[in-house]
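Okay, structure first, notes after.
The values are calculated or read from the model by the stated rules, or taken from the named source; none is laboratory data. All values reported here derive from a predicted model rather than from experimental measurement. Cβ placement follows ideal geometry from the backbone for every residue including glycine, while neighbour counts extend to all protein chains displayed.
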Amino acid sequence: MAVPDVHSCMRPLLQFTGDGKEHTLPEARQVLSAQFQLSAEDLKVVMGNGQRLFDNHVSWAKIRLTQAGLLISPRPKFIQITEQGLAALAQDPPPVPPKPPCPKDETPDEILERAYQQIRAALAAELLGLIKAGSPHFFERLVVELLLKMGYGRNRAEAGRAIGGVGDGGIDGVIHEDRLGLDTIYIQAKRWEATVGRPEIQKFVGALQHKRARKGVFLTTGSFSAEAVDSVSHSEPHVALIDGRQLVEYMLDLNVGVTTRATYELKRIDSDYFTEE
């Protein structure tokens, strides 16, 4: 089944603590995951910050029950039901705090992540449009900058000579993978709107084989057909494909062509700080 939302976790969490003893959230998550019959795949669902979605929902269920006076934290990392919580359990069914006015009962973490992803998607679309509208020389310079940020090329001057002007059998450039120049990567860069098909990829692979090269990177502002992707899945030499969508994602991750407008710090309680020896 799908990961239950925060509101769905609240009553089971309150019932779990109904024995009046102190419990930890990991214990609660284990019991609730079995109660909801969550699969291993369900428990692998993570948020953008790396936290498991189910863990996040149980944590926020605990927070909302605590805010309602039904649970307390008697000491760091532990939860316990209150007298008010026991009174609520005596009712059938036990009442829980109402859902907050959030879409799909999202937690604040999920709201923030959704907003971030929307901003990132809009920025990526704008970025790709600017790249496609630029000149071939600009695209070559962009590829150089991106490769440098990814750790390829010994220096900017060398990387700057790597792209453009080669035009040798489908190869647009060569760049060193390591500082000693013991391994090289051959590059094909296409500022295309169209979909790159299998013939273009096969041409590039043939050029790599002619050079006895072991690695190649094919970049395009467009996309790759399913046949093109399949053609490199078992090819030798190995070829990495970077389409327009992946290109701008790398640019965003590596700060190529973008600047940071604002930074927000999300803090949490350091429970170890409050642990008395």
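Some points to look at:
- Among strands (runs of 3 or more DSSP E) entirely within segment 147-257, having at least 2 residues that are modelled with pLDDT of 90 or more and assigned by TED's automatic domain parsing to the domain that holds Gly134 singles out 215-220, 238-242.
- Residue match in segment 188-205 (condition: of a type outside the set (A, V, I, L, M), in contact with an Asp or Glu (Cβ under 6 Å, 6 or more places away or on another chain) and surrounded by 21 or more Cβ atoms within 10 Å (Cβ to Cβ)): yes
- Some residue of segment 22-44 being in a helix (DSSP H, G or I), in contact with a Pro (Cβ under 6 Å, 6 or more places away or on another chain) and surrounded by fewer than 18 Cβ atoms within 10 Å (Cβ to Cβ): yes
- Candidates Gly216, Gly206, Gly244, Gly257: the one that is in contact (Cβ under 8 Å) with a residue 12 or more places away in the chain and at positive phi is Gly257.
Each row is one residue, and each column tells you yes or no for (1) modelled with pLDDT under 85; (2) in contact with a Gly (Cβ under 9 Å, 6 or more places away or on another chain); (3) closer than 16 Å to Asp5 by Cβ.
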residue: Gln35; (1), (2), (3): no, no, yes
residue: Asp42; (1), (2), (3): no, no, yes
residue: Arg75; (1), (2), (3): yes, no, no
residue: Ile81; (1), (2), (3): no, yes, no
residue: Ala88; (1), (2), (3): no, no, no
residue: Asp92; (1), (2), (3): yes, no, no
residue: Pro97; (1), (2), (3): yes, no, yes
residue: Glu106; (1), (2), (3): yes, no, yes
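- Filtered residues of segment 45-65 (kept if small (Gly, Ala, Ser) and either surrounded by 13 or more Cβ atoms within 10 Å (Cβ to Cβ) or more than 17 Å from the chain's Cα centre (by Cα) (or both)): Gly48, Ser59, Ala61
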